[in-house]
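Contents: one structure, followed by commentary.
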Amino acid sequence: MRAVAQRVSEASVVVDGETVGSITGPGLCVLVGVTHDDTPEKAALLARKLWSLRVFKDKHSLADEKSCSDVGGPLLVISQFTLYGDARKGRRPTWNAAAPGDVAEPLVDEVVAQLRALGADVETGRFGADMKVSLTNDGPFTLVIDI
């Protein structure tokens, strides 16, 4: 699994003019991509990583020492098969490494379910939809996480 996590002060996702998910931070906007050999165990590991990732400032320190679990930060989780796009050859990316929807959707759902089981406030996009994502990146701060 691959995730792009951005520390945000706010984020939302719109489908067909309707806001289907939104958060007000501090929190994380997370794009999640699934490849062919991903498993529910990897989804659970990614959820634990996201929930405990220390990327928020402690007001008593200049260091990033707090996680979503520490600050009650919400997460907006959005499926993103293009994270497994490969543009090394030519000008047109290939999507061979991205898992098909019937494999990917349950695993993205598992990341969300695992986060919620950990106590996270999670909003989502809509799998397979044409989504418009808006966010205010706080930092800017962006991490790529491979599990």
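Values quoted throughout were computed directly from the atomic coordinates according to the rules given, and no laboratory measurement underlies them. It should be emphasised that the depicted structure is a prediction, and the values quoted were computed from it without experimental measurement. Cβ atoms come from the backbone with ideal geometry, glycine included; neighbour counts cover every protein chain shown.
Points to keep in mind about this one:
- Overall, the anisotropy analysis places region 18-84 in the oblate class: the square-rooted eigenvalues a ≥ b ≥ c of its C-alpha gyration tensor yield a/c not less than 1.5, with a/b not exceeding b/c.
- If you take all other residues with their beta carbon under 11 Å from the beta carbon of Met1, and give Lys and Arg +1 and Asp and Glu -1, the sum is -2.
- Cα gyration tensor, the chain - rounded (a/c under 1.5), prolate or oblate: prolate
- Taking each DSSP H run with n ≥ 4 as -39500 (n - 2.57) and averaging over every residue of the chain yields -7000 deg cm²/dmol at 222 nm.
- Entry note, region 1-49: relative contact order of 42 percent, from Cα contacts under 8 Å with a spacing of 6+ residues.
- For region 1-119, relative contact order (Cα pairs under 8 Å, six or more residues apart, normalised by length) works out to 29 percent.
- To the nearest ten degrees, helix 101-117 and the longest principal axis of the Cα atoms of the chain are 10 degrees apart.
- Rounded to 5, the percent of DSSP beta bridges in region 25-147 classed as antiparallel: 35 percent
- Nearest-ten-degree value, helix 40-52 long axis tilted from longest Cα axis of the chain: 30 degrees
- Take 133-142, 116-125 and order them by the average number of nearby Cβ atoms within 10 Å per residue, most first; the result is 116-125, 133-142.
- Sorted by Cβ density within 10 Å, fewest first, the residues Arg91, Arg54: Arg91, Arg54
- Lysine pair count for the chain [Cα-Cα under 30 Å; pairs on different chains or 8 or more apart]: 12
- Virtual paramagnetic centre 7 Å along Cα→Cβ of Val4, amide N under 11 Å, in region 16-56: 30-33
- Net charge over other residues, Cβ less than 9 angstrom from the Cβ of Ala43 (K, R count +1; D, E count -1): -3
- The separation of region 13-32 from region 46-101, counted between C-alpha centres, amounts to 14 Å.
- Residue among Asp38, Asp130, Asp109 with the largest mean-square fluctuation in a Gaussian network model of the chain, springs linking Cα atoms under 10 Å: Asp130
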